[in-house]
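Asker: The structure that follows is given in the form of structure tokens.
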Amino acid sequence: MSSPNFELRWVKPPRQDRSRDTQLRYVEAAQRLLARGKSFAEISVAELAKEANSSVGSFYSRFRDKDALLHVLQIELNREGSATAVETFRIGREVKLPLEVLIRGFVALAVGYYRQQQGLRRALLVEMCNNRELRTRATELSHETCAGLVELLTERFPHARARMPEVVDIAHRMVYGVLDQNLLFADGSPTGHEVSDGKLVAALTVAVHAYLDARLAAA
């Protein structure tokens, strides 16, 4: 029997009047330049201004410097991540599907997001190594995501309530650790073999499902 279809989507919160804001044009300009393969360090303010159809003076009237723009990019991304988490956990509670199918849906969402935002995600990952504020903000989103996962899985496995935070922490690290490594070393592979997104989803689903099965099995 084939598995039920279960697809999650990335959520973009409504921007209201900000859709006409020049600041948002710079955010979108930076996202486009990063998507073309440039590192954040390689992108100049003049290039950002040109891409945003604006001026250097206009940029500095809205941002202290280029690093300030990266913080705004992360804040925007986190807003979307938070909205996506809320919607994902709502669906996870309402749609009664096998654990493996739920895991595959979550993993596919994460892999798809990394593919869609790989330029920005890579820039943030590199800069977070030396920037505590960026790391703290990323950790806050991970904490929110893990708290939702703990609640969702505890509803299904109440007997494992006490160890659920640790189990979710490890499962979360398994998925995002692999995705971060894949992102940083996208130009090469330890074995010389490319791993497609489909294969990555399949492999991570198997790994996380096996781990959760072992840790959440009834005593």
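Values in this text are rule-based calculations from the coordinates and carry no lab data. Owing to the predicted nature of the structure, the values given are computational and were not obtained by experimental measurement. Neighbour counts run over all protein chains shown; Cβ positions are idealised from the backbone, glycine included.
Asker: Quick check on the exposure proxy: order LYS12, LYS50 from fewest to most C-beta atoms within 10 angstrom.
Answerer: Working: LYS12 11, LYS50 14.
Starting with the residue having the fewest Cβ neighbours, the order is LYS12, LYS50.
Asker: At 7 Å along the Cα-to-beta-carbon direction for both ARG215 and ASN131, put a label point, then send me their distance in nm to one decimal.
Answerer: 3.0 nm
Asker: With an 8 Å Cα cut-off and a minimum separation of 6 or more residues, compute the relative contact order for the chain in percent. Each step should come with its number before you reach the end.
Answerer: Working: 154 pairs, mean separation 56.9, N = 219.
Relative contact order of the chain: 26 percent.
Asker: Need the full-extension length gain, SER189 to VAL45, defined as separation in residues times 0.36 nm minus the C-alpha distance. One decimal, nm. Working shown, then result.
Answerer: Details: separation 144, 0.36 × 144 = 51.84 nm, distance 3.32 nm.
Working it through step by step, the gained length comes to 48.5 nm.
Asker: Then there is this: For the chain, taking Cα atoms only, what is the radius of gyration to one decimal and the Dmax to the nearest whole Å?
Answerer: Here Rg and the maximum Cα pair distance are 19.2, 65 Å.
Asker: Separate question: Measure off 7 Å from each Cα along the Cα-to-Cβ vector at GLU80 and GLU155, then give the distance between these two points in nanometres to one decimal.
Answerer: 2.6 nm
Asker: Could you tell me the number of lysine pairs in the chain with C-alpha atoms less than 28 Å from each other, where the two lysines are 8 or more residues apart or belong to different chains?
Answerer: Close lysine pairs under the 28 Å cut-off: 10.
Asker: Can you list which of the DSSP-assigned H helices in the chain have a Cα extent of 18 Å or more along the long axis and an average Kyte-Doolittle score of at least 0.5?
Answerer: Values: long enough: 22-35 (20 Å, -0.04); 66-94 (43 Å, -0.25); 99-116 (25 Å, 0.86); 132-156 (36 Å, -0.54); 164-184 (29 Å, 0.47); 197-216 (27 Å, 0.79).
Helix filter hits for the chain: 99-116, 197-216.
Asker: Fewest to most neighbouring Cβ within 10 Å: what's the order for HIS71, HIS193?
Answerer: Numbers: HIS71 17, HIS193 7.
In increasing order of surrounding Cβ atoms, one gets HIS193, HIS71.
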